[in-house]
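Following: one structure in structure tokens, then a few remarks.
The values are calculated or read from the model by the stated rules, or taken from the named source; none is laboratory data. If you're wondering where the values come from, they're calculated on a predicted model, not measured in any experiment. Note: ideal-geometry Cβ built from the backbone for every residue, glycine included; neighbour counts use all protein chains shown. Please note that ligands, DNA and RNA were not included when accessible areas were found on the heavy atoms of the full protein model with its side chains. Shrake-Rupley method; radii C 1.70, N 1.55, O 1.52, S 1.80 Å.
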Amino acid sequence: MPATVPYGSWESPITPQMLTRSAVGLGEIAIDGDDVYWVESRPAEAGRSALVRRRPDGAIQDLGPPDFDARSRVHEYGGGAYAVRDGVVVACSFLDQRMYRLEGGEARPITPEPALAAGDRYADAVFHGDLLIAVRERHRAGDEPLNELVAFPADGSAPPRVIASGHDFFSSPRVSPDGGRLAWLAWNHPQMPWDGTELWIARLGPDGSLADLQRVAGGPEESIFQPAWGPDGALHFVSDRTGWWNLHRLEKDGTHTPLCAMEAEFGRPQWMFGLSMFAFLPDGRVVAVYDRDGRSQLARLGEDGSLHTLDLERDAISATVAAGAGGVWTVAAGAAEPLAVIRVDPETGSGEVIRSSQSIDLDGRYVSRGEAITYPTTDGAVAHAFYYPPTNPDFTAPDGERPPLIVWTHGGPTGAATPGFMLARQFWTTRGFALVDVNYRGSVGFGRAYRDALRGRWGVADTDDCVAAARHLVSRRLVDGGRMAIRGGSAGGYTTLSALTFHDVFAAGASYFGVADVAALARDTHKFESRYLDSLVGPYPEAADLYWDRSPLHHTDRLACPMILFQGLDDRVVPPQQAEAMIAALDAKGLPYAYVAFEGEGHGFRRAENIELATEAELSFYGWVFGFAPADAIRPVEILNAR
């Protein structure tokens, strides 16, 4: 019989240590002949990104020296950190951002040491004969970084040479099968790549030189994603010109043919380089991932435009798809299956797990499965979320008690909540928390109109949707309306702080490197996001009054509940001054708060010990606020101004 224990105090089989010690991040799949490559982010190894290779016999090995961290910092978020062809592997080192050739357990630099430490950063490299073509972001003292396309020998015998410039941003250089053409994406301030990008092509010389440059698609109001050349030499790409990111083919006469027009998303926001939502089978057919109603599907496209969905039984699929080496390769998670590198039969959809992100074996009875909910919000609109009830077969709550609720707010804000298994979610639901993961207006996966619904309304529409989600669950009598918390990181941290400041629905909140002063973010952030707020709030400083109105820091007189703040002291996206200004205001007002800061962490925590400490601190904080004793023997967090 289950024991009767108050919500929050349930003993869970998931410890904070399990979130990191047995877990790795997986992504960036590439295929070279019969070898398959991917990147593993390892919290247990100080968060380094290890490049690994799987041989045809199933043997998996790390490449490069044991401490090599294959991670780019272009746009600060990186991605596209390596390239491989015919067994030659090159990768960007996180330590100095130079490109290295990885051979026999050694790493040899092939780009010069820049004048400014880690000042020349590389991403999205592709081979062209004996050359590499890549995006380079050159940092300059006292000036905005310069983004360009460069070409350089893969053996490091000559320095990079600029082959394309003049735009604020570049991505996705792709060489045609015959080596005679190059396609790439470019865009300018104030557009973000999900707002408007341009697709360019040019004749490509053996020396990397470009001629006859031509823009063939895109513009300030059309987002182009993932140019890719088919085996027949036809250029394919994803465009949202119809209001949905759909697949298109560029014809010889310059027209664009939609391959499968539907109200679904075959693209994702380009926060990182190297994203891939479709690939070509050897016979030229296309396999693609598409998102609809918050869930992902893998499908095969017929020549007549028909779509054959493959029953992968996993509906959270990452934006990394490659074909070859005996199948289609991707990274995916199911409702109860953790993220894994999977090889899929493109005809039957049967999948084989090659590498799981977690080595734990969790009984399915402890897994809370997300219920997709759509609910009314402000302005007569509707919003979307996934609701996870508390789930633990060993415990039940006293009669009449309803569970505390945690509202999760994803980052971006141009991002999405997905229903794939996350041990971090189950950490809370197995302890007796209800959880709702909100796809507020501005989230991706629901078409451009929903994505654009946040334009000019950041801090308002997203916050309203999180508040509405909580109230919706209260109205369904699923949660305790007096014990609700909201938490999120980065942009999700801003939504969290806004909800706590401008609404009186939540009893507590947890902000991970969240934005407290929107104007300070506009003045002091990196190039990639330096004009992001033009569309989310308004041009700065012209709309300075609106920035003031939207900044929780300037309205702390309205705060009335405790909060906990987490911050990486090396964060260049949301600098520590944001959190420090917020805690100074909380301290001046005498509100209870906790502040947990980590040396050596940037925007998002990567080290196992820090992730574990943050998790324990958040649980300890909720226990103090909601009046329950966690079952875990955890380190209690210090709460200032505690009463």
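Among ASP195, ASP155, which is the only one that is farther than 19 Å from THR414 by Cα, among the charged types (D, E, K, R) and not in a strand (DSSP E or B)?
So the residue among ASP195, ASP155 that is farther than 19 Å from THR414 by Cα, among the charged types (D, E, K, R) and not in a strand (DSSP E or B) is ASP155.
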(message) Tell me whether region 474-481 contains one or more residues that are open to solvent by 10 Å² or more (accessible area, probe 1.4 Å) and not in a loop (DSSP other than H, G, I, E, B).
(response) yes
(message) Please go through region 164-189 and give me each residue that is within 14 Å of LEU132 (Cα to Cα) and loosely packed, with under 15 Cβ neighbours inside 10 Å, ordered by number.
(response) GLY179
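Condition check ((1) in contact with a Leu (Cβ under 6 Å, 6 or more places away or on another chain); (2) not hydrophobic (A, V, I, L, M, F, W, C)) across all residues:
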| site | (1), (2) |
| --- | --- |
| LEU533 | no, no |
| TYR540 | no, yes |
| ILE564 | no, no |
| ASP570 | no, yes |
| GLU580 | no, yes |
| TYR593 | yes, yes |
| VAL596 | no, no |
| ARG606 | no, yes |
| ARG635 | no, yes |
(message) From the list ALA46, ALA117, exactly one residue is open to solvent by 50 Å² or more (accessible area, probe 1.4 Å), more than 22 Å from VAL328 (Cα to Cα), under 21 Å from the mean Cα position of the chain (by Cα) and of a type outside the set (Asp, Glu). Which is it?
(response) ALA46
(request) Kindly list, by first and then second residue, each pair from a residue in region 81-101 that is closer than 22 Å to ARG54 by Cβ and at pLDDT 95 or above to a residue that is open to solvent by 40 Å² or more (accessible area, probe 1.4 Å) and among the aliphatic types (A, V, I, L, M), limited to pairs with Cβ atoms under 9 Å and residues at least 6 apart or on different chains. (result) VAL84/ILE31
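Can you name the residue in region 381-418 that is in a loop (DSSP other than H, G, I, E, B), closer than 30 Å to TRP271 by Cβ and β-branched (Val, Ile, Thr) and is also most open to solvent (accessible area, probe 1.4 Å) among such residues?
First, pick out the residues of region 381-418 that are in a loop (DSSP other than H, G, I, E, B): 381, 389-394, 397-404, 410-418.
Retained after the next criterion (residues that are closer than 30 Å to TRP271 by Cβ): 381, 410-418.
Then drop every residue that is not β-branched (Val, Ile, Thr), which leaves 414, 418.
Working: THR414: 9, THR418: 59 Å².
Among residues in region 381-418 that are in a loop (DSSP other than H, G, I, E, B), closer than 30 Å to TRP271 by Cβ and β-branched (Val, Ile, Thr), the one most open to solvent (accessible area, probe 1.4 Å) is THR418.
Residues are listed down the side, and each one gets a yes or a no for (1) at pLDDT 90 or above; (2) assigned to a helix (DSSP H, G or I); (3) in contact with an Asp or Glu (Cβ under 9 Å, 6 or more places away or on another chain); (4) not hydroxyl-bearing (Ser, Thr, Tyr):
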{"position": "ASP587", "(1), (2), (3), (4)": "yes, yes, no, yes"}
{"position": "ARG606", "(1), (2), (3), (4)": "no, no, no, yes"}
{"position": "ALA631", "(1), (2), (3), (4)": "yes, no, yes, yes"}
{"position": "VAL637", "(1), (2), (3), (4)": "yes, no, yes, yes"}
(request) Might you let me know whether region 551-561 holds any residue that is modelled with pLDDT under 95 and of a type in the set (Ser, Thr, Tyr)? (result) yes
(message) Checking the conditions here, which among ASP394, ASP361 is more than 27 Å from the chain's Cα centre (by Cα) and of a type in the set (Asp, Glu)?
(response) ASP394
(request) Check THR391 against each of (1) under 26 Å from ALA510 (Cβ atoms); (2) in contact (Cβ under 8 Å) with a residue 40 or more places away in the chain and name the one condition it does not meet. (result) (2)
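Could you tell me which residue of region 422-452 is least open to solvent (accessible area, probe 1.4 Å), considering only residues that are part of a loop (DSSP other than H, G, I, E, B) and among the hydrophobic types (A, V, I, L, M, F, W, C)? Before you say what the answer is, go through the steps one by one.
At the first step, the residues of region 422-452 found to be part of a loop (DSSP other than H, G, I, E, B) are 422, 430-433, 440-447.
This time we only want the ones that are among the hydrophobic types (A, V, I, L, M, F, W, C), so: 422, 433, 444, 446.
Details: MET422: 74, PHE433: 0, VAL444: 16, PHE446: 29 Å².
Looking at the filtered set, the residue picked out is PHE433.
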(request) State yes or no: is THR348 among the hydroxyl-bearing types (Ser, Thr, Tyr) and either buried (at least 16 other Cβ atoms within 10 Å of the Cβ) or on the phi > 0 side of the Ramachandran plot (or both)? (result) no
(message) Exactly one condition in (1) within 16 Å of ALA579 (Cα to Cα); (2) in a loop (DSSP other than H, G, I, E, B); (3) of a type in the set (Val, Ile, Thr) is false for THR495; which is it?
(response) (2)
(message) Please count how many residues of region 449-478 are within 30 Å of ARG241 (Cα to Cα) and β-branched (Val, Ile, Thr).
(response) 2
(request) Report, by residue number, each residue of region 56-80 that is closer than 21 Å to SER490 by Cβ and either assigned to a strand (DSSP E or B) or at pLDDT below 95 (or both). (result) GLU76, TYR77, GLY79
(message) For GLY364, only one of the following conditions fails: (1) over 16 Å from PHE237 (Cβ atoms); (2) crowded, with 17+ Cβ neighbours inside 10 Å; (3) out of contact with any strand residue (DSSP E or B) (no Cβ under 6 Å at 6 or more places or on another chain); (4) modelled with pLDDT of 90 or more. What is its number?
(response) (2)
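Quick test for you: out of ASP62, ASP67, ASP34, pick the one residue that is open to solvent by 40 Å² or more (accessible area, probe 1.4 Å) and within 17 Å of ARG606 (Cα to Cα).
Numbers: ASP62 fails: within 17 Å of ARG606 (Cα to Cα); ASP34 fails: within 17 Å of ARG606 (Cα to Cα).
Unique residue meeting the criteria: ASP67.
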(request) Report the residue count in region 320-330 for those that are buried (at least 20 other Cβ atoms within 10 Å of the Cβ) and closer than 15 Å to ARG53 by Cα. (result) 3
(request) Filter region 296-319 down to residues that are in contact with a Cys (Cβ under 7 Å, 6 or more places away or on another chain) and open to solvent by 20 Å² or more (accessible area, probe 1.4 Å) and give me whichever is farthest from GLY334 (Cα to Cα). (result) GLY305
(request) Would you be able to say whether some residue in region 613-630 is out of contact with any Phe, Trp or Tyr (no Cβ under 8 Å at 6 or more places or on another chain), of a type in the set (S, T, N, Q) and within 28 Å of ILE14 (Cα to Cα)? (result) yes
(message) Can you find a residue that is out of contact with any Cys (no Cβ under 8 Å at 6 or more places or on another chain), at pLDDT 95 or above and of a type in the set (Gly, Ala, Ser) anywhere in region 495-504?
(response) yes
(request) Could you tell me whether GLY600 is under 30 Å from the mean Cα position of the chain (by Cα), over 21 Å from TYR7 (Cα atoms) and not in a strand (DSSP E or B)? (result) yes
(message) If I filter region 484-495 for residues that are in contact with a helix residue (DSSP H, G or I) (Cβ under 8 Å, 6 or more places away or on another chain), among the aromatic types (Phe, Trp, Tyr) and surrounded by fewer than 22 Cβ atoms within 10 Å (Cβ to Cβ), do I get at least one hit?
(response) no
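Looking only at region 510-564, filter to residues that are in a strand (DSSP E or B) and under 21 Å from the mean Cα position of the chain (by Cα); which one of those is surrounded by the most Cβ atoms within 10 Å (Cβ to Cβ)? Step through it out loud before you land on a result.
Restricting attention to region 510-564, the residues satisfying the condition of being in a strand (DSSP E or B) are 510-512, 563-564.
Subsequent filtering for residues that are under 21 Å from the mean Cα position of the chain (by Cα) retains 510-512.
On the way: ALA510: 25, SER511: 30, TYR512: 25.
For region 510-564, the residue satisfying everything is SER511.
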(message) Suppose the filter is within 28 Å of ALA424 (Cα to Cα) and touching a residue at least 40 places away in the same chain (Cβ under 8 Å); does ARG292 pass it?
(response) yes
